[in-house]
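Colleague: Below you will find the structure I want to go over with you.
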Amino acid sequence: MVSAHSDIGSEQRDSPAGDGTEEVTLAIQGMHCASCVLRLESELQKAPGVVAATVNLASERASVEVVPGVAERAALIAAVERAGYRAREAVSEDWEARERDAERRSLFRAAVVALALGWSMFFALQVNRWADLRWDRDLLFVVVFAVATPALLWSGRGIFRAALLVARHGTSDMNTLITLGVGAAFAYSVVATFAAGLIEDAGLARDTFYDTALIIVGFVTLGRYLEARAKGRTSAAIKRLLKMRPTTARVVRDGVEEEVLVEALRSGDLLAIRPGEKFPVDGEVVDGRSTVDESMLTGESLPVEKGPGARVFGATINGTGRLRFRATQVGGETVLAQIIKLVEAAQGSKPPVQRLADRIAAVFVPVVIAIAMVSLLLWWGLGPSPSLTLGILNAVAVLVVACPCALGLATPTAIMVGVGKGAQRGVLIRNAAALERVEDVTTVVLDKTGTVTHGRPEVTDVLTIAAWSEPELLRLAASVERGSEHALGEAIVKAAAARDLVLAEPEEFEAVPGKGAGGRVDGRRVEVGNAGLMADRGYATGLLAESAAGLAGAGKTPMFVAVDGAVAGVIAVADTLKPTAAEAVRRLSDLGLRVILLTGDNAFTARAVGDAIGADDVIAEVLPADKASVVERLQRDGEVVAMVGDGINDAPALALADVGIAMGGGTDVAIETAQITLMRDDPLGVFGAVTLSRATMRTIRQNLGWAFGYNVLLIPVAAGLFYPLFQVVGPVPGGLHWLLGDQGFLEPIVAAFAMMLSSLSVMANSLRLQRLDFAAHGGPRSAPPRWRQPFPSKAVV
């Protein structure tokens, strides 16, 4: 019996097809081949109000884009029934999991019964023939019929009922091929058992194929059982994400902690988290300090410090501290829920490469049936005696060996595993088309601020004259800058705080716009500013001027510090490089990609950053509004462009690029911005996305090549192509004897086994993507940056 059910959930969204469409997801059981997919898509698209429908064989889901108020769920269910399946609304994910477990157990039992009885009959009949035991043939055939018939009907009930259902609607699928093949073998056997005279009068061999029919059903069912298990592994990423969600939360009401179900939480609730517990929803810390393991979201293994005002995310794990936080996103609004939706949508989408397989699948089954009929007629009319027996066996072999399952599974299984693997490593892919397009990228454009650099200024150097120590000079400068709101001043204050320096409250504070600030600290007159401020005050910069020029040449901003009218040192501030920026660029270059740094900074600073990371080209002094124009110009030059930005102010360029990659850091905005989102704020994720795309597309091509090659080669072999050849060249070689028998004919049992292996090989090849290691690609690690700075010890610009 073909069973189907649907877990129908909807999501309001804006889509390319139209504004305000709704996406309805149907979770379907019972699909077995590419023909099932095409039939379901065709029927769903005929339903009123349906804009588009995509069915995924591997995930057993249909994504239907509908117009609210026009399309009805009852109509979608009716469309599934018109395609030969039944649909009903599921009540929970657990219910769906139980249904699939029950289906797998049923398939396993059916396979065991069919194979055990089939092989027992095969050996019993062979022993009778080989040992010449002279068992009564008539009685033996009747006994075998009595045992085989109920076993065949029970073990193959799902296959036969599915074939009847689709036949009622004038279509065919994989079940049709198996039913025709098994039916032909069984019908011939029944005639040989109960109407032996007809067989003998026709000059045919009186033999039965009950064992063949059972073994064919057994292999097909065993293959489907193994496929079902493998499909569960392809969706392992989603299952892990779902298991991460806690089921209860501790709400603080009137100062008392109360445990409630997560579903009962509302935005604004105050929640308490103890050490080691998972955050139930997203929120903002109100009080307490702790570290949080966010690796399940970002792939970053190091814990993140959290304090009042910090954002926390559902399913991340609290460290050793106690926290209270205010819920800001609950239910489907949490970052984890968005990730799950995104991954599910991507796994259910189709890349353009699937179009060829779809076109072939549309005519595959009818063509195979036609080949089987032609084979039957040709061998019956032209073959050696017993010609009809040979014709039937060859036709059965053709029907059984054909494998549209491999065609249907080739692309979706690889997409599911690839997208899931990316999600585990913090690379979120919006759809399969984006995953395919990344493979074609020739140029990667990196926005500087927030992508290559941290996006915030930091102190990189402290240079002093002999009379002053670095800590004292930094303390005086930071004390003055306490009263400043300038970003450079804030960087100096943060550097002093990092070194636990005790700052003084400045007196007589004075801000000089565009130049610096001054004030009295501990009775001394301290001024911090650029060379212009020093010149205005008449202070001589001496040898420090040369050092400042060198720092400026490296793309840094030097700030002089004068104490009581004399220049005492220079503090350099810059937006520091991310530790992995140079490594990411080197790895992308090793993949043959051109890397361009794009920034609004002046050319001097931009070139310093570009040289530090090893970029091929630098495009500087570009306004945010003009970044899209740069992408467009590159595309006109024939480049396939991936734009990498922070997902907010780079939105126009991200949208225009062939592939937009957002350095999201796990924010809601980033998830909605680009085709690919890097949850981890690490430019190496760009290399990971490219590596993942290339590996996935390579796997898809391998799968399709195998599926096409298998069918193109073995269908003619099953039709008897090798028989004339071996009549000319001699007996079948020993190495092929097990496959082709004595005369070069493919045994139906071997055909069934080969069909099973074809589908499983596609699944196994796709599952290899789970072992893909992003870090293992790109050659040896690069050397550290070409220059080092004494303060602090990190790569800087």
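The values are calculated or read from the model by the stated rules, or taken from the named source; none is laboratory data. In this text, all values refer to a predicted model and were calculated from it rather than measured experimentally. Neighbour counts run over all protein chains shown; Cβ positions are idealised from the backbone, glycine included. Surface accessibility is based on the protein's heavy atoms, side chains included, excluding ligands, DNA and RNA. Shrake-Rupley method; radii C 1.70, N 1.55, O 1.52, S 1.80 Å.
Colleague: Do you know the relative contact order of the range 484-626, to the nearest whole percent, from alpha carbon pairs under 8 angstrom that are 6+ apart?
Modeller: Over the range 484-626, the number comes to 15 percent.
Colleague: Right, next: Set the Förster distance to 25 Å, then compute FRET efficiency between A116 and S385 from the Cβ-Cβ distance, nearest 0.05.
Modeller: Taking R0 as 25 Å, the efficiency between A116 and S385 is 0.15.
Colleague: Another question about this same structure. Based on the Cβ-Cβ distance from V70 to E510, what FRET efficiency comes out when R0 is 51 Å, to the nearest 0.05?
Modeller: Plugging the Cβ-Cβ distance into 1/(1 + (r/R0)^6) gives 0.15.
Colleague: If I compute solvent accessible area with a 1.4 Å probe over the protein chains, what percent of it on the range 503-594 is carbon and sulfur?
Modeller: Using a 1.4 Å probe with all protein chains present, the range 503-594 comes out at 53 percent carbon and sulfur.
Colleague: Roughly how tilted is helix 544-553, in degrees to the nearest 10 and between 0 and 90, from the longest Cα axis of the chain?
Modeller: 20
Colleague: Continuing with the same structure: Along the charge dipole of the chain, which of A310, W380, V113 sits closest to the positive end, that is, farthest toward it, with unit charges on the beta carbon of Lys, Arg, Asp and Glu (+1, +1, -1, -1)?
Modeller: Final value for the positive-end residue is W380.
Colleague: Can I ask one more? So if each residue of separation counts as 0.36 nm, and I subtract the Cα-Cα distance between E277 and E632, what length gain in nm does that give?
Modeller: Result: 123.0 nm gained on full extension.
Colleague: Please go through the range 284-393 and write out the GluC sites (Glu not before Pro) that DSSP classes as loop and that have at most 14 other C-beta atoms within 10 Å.
Modeller: none
Colleague: How high is the relative contact order of the chain? Use alpha-carbon pairs under 8 Å, at least six apart in sequence, and give a whole percent.
Modeller: 13
Colleague: Note the full-extension length gain between A124 and V262 as 0.36 nm times their separation in residues minus their Cα-Cα distance, in nm to one decimal.
Modeller: Taking A124 through V262 to full extension adds about 43.6 nm, to one decimal.
Colleague: Do the sum for the chain: with -39,500 (n - 2.57) for every DSSP H run of n ≥ 4, divided by all residues, what is the mean residue ellipticity at 222 nm, to the nearest 500 deg cm²/dmol?
Modeller: -16000 deg cm²/dmol
Colleague: Follow-up. I'd like the carbon and sulfur percentage of the solvent accessible area for the range 445-496, probe radius 1.4 Å, heavy atoms only, ligands and nucleic acids excluded.
Modeller: 52
Colleague: At 0.36 nm per residue, minus the direct Cα-Cα distance, what do A310 and S469 gain on full extension? Give it in nm, one decimal, please.
Modeller: 53.7 nm
Colleague: Where does helix 581-590 land angle-wise versus the long Cα axis of the chain, in degrees 0 to 90, nearest 10?
Modeller: 40
Colleague: Would you work out the charge dipole size for the chain about its Cα centre, treating the Cβ of every Lys and Arg as +1 and the Cβ of every Asp and Glu as -1, and quote it to the nearest 20 debye?
Modeller: 2100
Colleague: Round to the nearest 10 and give me the degree value, 0 to 90, for the angle of helix 603-613's Cα axis relative to the longest principal axis of the chain.
Modeller: 50
Colleague: With the cut-off at 34 Å, report for the chain the share of all Cα pairs above it, as a whole percent.
Modeller: The proportion of pairs with Cα distances above 34 Å equals 62 percent.
Colleague: Just how far, in whole angstrom, is the range 518-557 from the range 17-67 if you go by their alpha carbon centroids?
Modeller: That distance is 67 Å.
Colleague: Report the label-to-label distance for R524 and E333 in nanometres (one decimal), using points 7 Å from each Cα along the Cα→Cβ vector.
Modeller: 5.2
Colleague: How high is the FRET efficiency from A362 to R289, r the C-beta distance, R0 41 Å, rounded to 0.05?
Modeller: 0.10
Colleague: Once label points are set 7 Å from the Cα along Cα→Cβ at both V143 and A540, what is their separation, rounded to one decimal in nm?
Modeller: 12.0
Colleague: So which lysines can K46 reach, going by Cα to Cα under 28 Å and dropping same-chain residues fewer than 8 places off?
Modeller: Result set, ordered by chain and number: K341, K350.
Colleague: Could I ask something else about it? In Å², what does the accessible area per residue of the chain work out to with a 1.4 Å probe?
Modeller: Averaged over the residues of the chain, the accessible area is 42 Å².
Colleague: Taking the Cα-to-Cβ direction at F708 and at R253 and moving 7 Å from each Cα, how far apart do the two end points lie in nm?
Modeller: 6.3
Colleague: If you don't mind, there's one more thing I want to ask. Got a number for carbon plus sulfur as a percent of the range 29-68's accessible area, 1.4 Å probe?
Modeller: Carbon and sulfur: 49 percent of the exposed surface of the range 29-68.
Colleague: Counting Lys and Arg as +1 and Asp and Glu as -1, each charge on the Cβ, what is the dipole of the range 462-597 about the Cα centre in debye, to the nearest 20?
Modeller: Rounded to the nearest 20 debye, it is 520 debye.
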